[in-house]
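FYI, it's all coordinate maths here, none of it is from the lab. Note that the structure is predicted; figures quoted are calculated from it, not measured. Quick reminder, even Gly has a Cβ in these numbers, built from the backbone with ideal geometry, and neighbours come from all protein chains shown.
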Amino acid sequence: MEFRYAERKDIPLILKFIKELAEYEKMLNEVVADEKTLEDWIFNKQKAEVIFALEKDVEVGFALFFHNFSTFLGRAGIYLEDLYVKPEHPGKGYGKKILEKLASIAIERGCGRLEWWCLDWNKPSIDFYLSLGAEQMNDWTVYRISGDTLKNLAK
């Protein structure tokens, strides 16, 4: 397996992977991202990065991530927004290799942690993450404000 960072020409492929992941998560109806938006935020504003996992020069998985910051550690971390491996490539260790790559990027950049969320119903992924030594953050609850609620709060 090899890795490469996404380039501007990969925007359609990034969106394709996002939609495939959303379909797996039963959330495809929530995807409003389009190619123009992804180009703006990933490449123009440089707010996120994407790596592709390749098998024989073919993209079989991807990870979209960005930096967050821990005030307790006093340094940045990497937040993994999306990790996806095409379902026709099960059991090859690609998910683990992608996480290993992200861990190495975090270490190279001096980051203090690598973190992500996982849907509560996704037991196969939860079991996989725990097998890697990931710590489940049971004491924390995610809160979100978006859409009209976000606009109203900003007034």
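Name the shape class, rounded, prolate or oblate, that the alpha-carbon gyration tensor gives for the stretch 52-101, where a ≥ b ≥ c are the square roots of its eigenvalues, rounded holds for a/c under 1.5, and otherwise prolate holds if a/b is larger than b/c and oblate otherwise. Could the numbers behind the result be given before it?
Working: a/c = 3.19, a/b = 2.84, b/c = 1.12.
Judged from the Cα gyration tensor, the stretch 52-101 comes out prolate (a/c at least 1.5, a/b above b/c).
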Give me 62, 69, 3 sorted ascending by neighbouring Cβ count inside 10 Å, so fewest comes first. 69, 3, 62
Checking 82, 40, 139 against a Gaussian network model of the chain (alpha-carbon springs below 10 Å), the top fluctuating residue turns out to be 139
Mark the label point 7 Å from the Cα of residue 67 along Cα→Cβ and return the residues of the stretch 90-111 whose backbone N is within less than 11 Å of it. 109-111
Label 7 Å along Cα→Cβ of residue 8; the stretch 22-54 residues with amide nitrogen under 20 Å? 34-52
Rounded to one decimal in nm, the spacing of the 7 Å Cα→Cβ label points at residue 146 and residue 103 is 3.0 nm
Quick one: 119, 114, 21, fewest Cβ neighbours within 10 Å first, how do they rank? 119, 114, 21
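Kirkwood-based Rg over Rh for the stretch 46-130 (C-alpha set), two decimals? Working shown, then result.
Details: Rg = 13.5 Å, Rh = 13.8 Å.
Across the stretch 46-130, the Cα-based Rg/Rh ratio is 0.98.
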Please identify the trypsin sites (Lys or Arg not before Pro) of the stretch 41-121 that satisfy two criteria: DSSP loop assignment and at most 11 other Cβ atoms within 10 Å. Which are they? 45, 47, 56
Please sort by residue number the GluC sites (Glu not before Pro) in the stretch 61-152 whose DSSP state is loop and whose Cβ has at most 10 other Cβ atoms within 10 Å. 88, 135
Label-point separation (nm) for residue 123 and residue 75, each offset 7 Å from Cα along Cα-to-Cβ? 3.8 nm
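Send over the semi-axes of the chain's equivalent ellipsoid, whole angstrom and largest first, taken as the square roots of 5 times the C-alpha gyration tensor eigenvalues. Could the numbers behind the result be given before it?
Values: eigenvalues 108, 88, 65 Å².
Equivalent ellipsoid of the chain: 23, 21, 18 Å, largest first.
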Scoring the chain by relative contact order with C-alpha pairs under 8 Å, at least six apart, yields a percentage of 17 percent
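Restricting to DSSP loop positions (anything but H, G, I, E, B) with no more than 13 other Cβ atoms inside 10 Å of their own Cβ, which chymotrypsin sites (Phe, Trp or Tyr not before Pro) remain in the stretch 90-129? Show your work: numbers first, answer last.
Numbers: sites: 94, 116, 117, 121, 128, 129; in loops: 117, 121.
Loop-located and lightly packed - 117, 121.
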